[in-house]
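**Q** Handing you a structure now.
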Amino acid sequence: MHKPHVLATAHSQKSFPASAGPEEIPQWRPDPDSGGAIACRATISPMPVVPSEFSTPFFLRNGHVQTILGAILPRRPGLVYERKRLELPDGDFVDLDWARAGHRRAAILSHGLEGSSTNSDIRGLAAALNAAGWDALAWNFRGCGGEANRLARFYHSGETLDLSAVIAHSAERYEDLALVGFSLGGNMVLKYLGEGPAHPALRAAVAVSAPIDLASSARALDRRRGNRIYLGRFMRSLAAKVREKAIRFPGRSIRRGFAMFPASRNSTTATRPASMASATRRTTGHSPAPANTCRASGSPRSC
């Protein structure tokens, strides 16, 4: 089985000397037969430090300027997605936006918190990958594809089963796959790789600006006054989704990480989360789902 190459770019990346070699560490992995855990040893190779050749223009030296300008002046590549819906084993779904150019390998792109396949960085990378000999799949986390997901729960960085289902589905058509994750999506990619053996079709993975420690990253976002513009943008979107969940599931307390949201259809107000750190948890639930275009497992139909 091929071992995927991993490259992560993050502020919390640890540097190793060039001569550093792999080290073995004890690790526990789940045992599907007994339901318990078995001891094993994992070989961890040092993460390579790749020198950046990027030179910041003098008018973009400020990080806030880079972030905001990239949002209000997005790249608009001539890219047309082909949307497919992937049905998940728990009755929910995720929407897949394919940018196909007739290549034999594909890269799976995971967006960040409250992002989607329409983000300028996702679209720009998909177009660049097409030009470089890769088909691209920009998948949308639950509830991020323009339509609310079916269950009471949302996506979250610890949910790697959805990513695993997307990888398995893509491997039905492509023998060579790569993963690219931005921000929260980068955290998800790295967690997937760390949980156990990767899918045999996976050849490489890249995590860009990934918050490795979510709790400390959320506290840092809360701490600085200049970050409030980003906090407000995230919270508006998240609060609207939680309010919608409270209306759709009135018998449930959609409280985790948020102040109580009204569960009445006549209610029009909602309490916003106090901070980014308080909004990093997920909600859970279950509801039936009709059949659709394709399923993560056992489907006679393919996307």
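**Q** Of Leu193, Leu214, Leu202, Leu231, which residue is over 21 Å from Leu163 (Cβ atoms) and surrounded by 16 or more Cβ atoms within 10 Å (Cβ to Cβ)?
**A** Step by step, each of Leu193, Leu214, Leu202, Leu231 is checked, and only Leu231 is over 21 Å from Leu163 (Cβ atoms) and surrounded by 16 or more Cβ atoms within 10 Å (Cβ to Cβ).
**Q** Out of the strands (runs of 3 or more DSSP E) lying entirely within region 99-215, which hold 3 or more residues that are farther than 17 Å from Arg85 by Cβ?
**A** 105-110, 176-182, 202-208
**Q** Given the criteria outside the structural domain of Phe93 (by TED's automatic domain parsing), part of a helix (DSSP H, G or I) and free of Cβ contacts under 8 Å to residues at least 12 places away in the same chain, does Ala239 qualify?
**A** no
**Q** So in region 135-174, with the set limited to residues that are acidic (Asp, Glu) and at pLDDT 95 or above, which one is farthest from His103 (Cα to Cα)?
**A** The qualifying residue farthest from His103 (Cα to Cα) is Asp162.
**Q** Which number in (1) at pLDDT 55 or above; (2) outside the structural domain of Leu161 (by TED's automatic domain parsing); (3) within 21 Å of Gly112 (Cβ to Cβ) marks the one condition that Phe258 misses?
**A** (1)
**Q** Restricting attention to region 58-92, and to residues there that are farther than 26 Å from Ala131 by Cβ and among the charged types (D, E, K, R), which single residue is modelled with the lowest pLDDT?
**A** Arg61
**Q** Which residue, of Ser216, Ser253, Ser237, Ser209, is modelled with pLDDT of 55 or more, of a type in the set (Ser, Thr, Tyr) and touching a strand residue (DSSP E or B) at 6+ places or on another chain (Cβ under 9 Å)?
**A** Step by step, each of Ser216, Ser253, Ser237, Ser209 is checked, and only Ser209 is modelled with pLDDT of 55 or more, of a type in the set (Ser, Thr, Tyr) and touching a strand residue (DSSP E or B) at 6+ places or on another chain (Cβ under 9 Å).
The values are calculated or read from the model by the stated rules, or taken from the named source; none is laboratory data. Nothing here was measured: the structure is a model prediction, and the numbers come from that model. Neighbour counts are summed over all protein chains in view; Cβ atoms, including those assigned to glycine, are modelled from backbone coordinates with ideal geometry.
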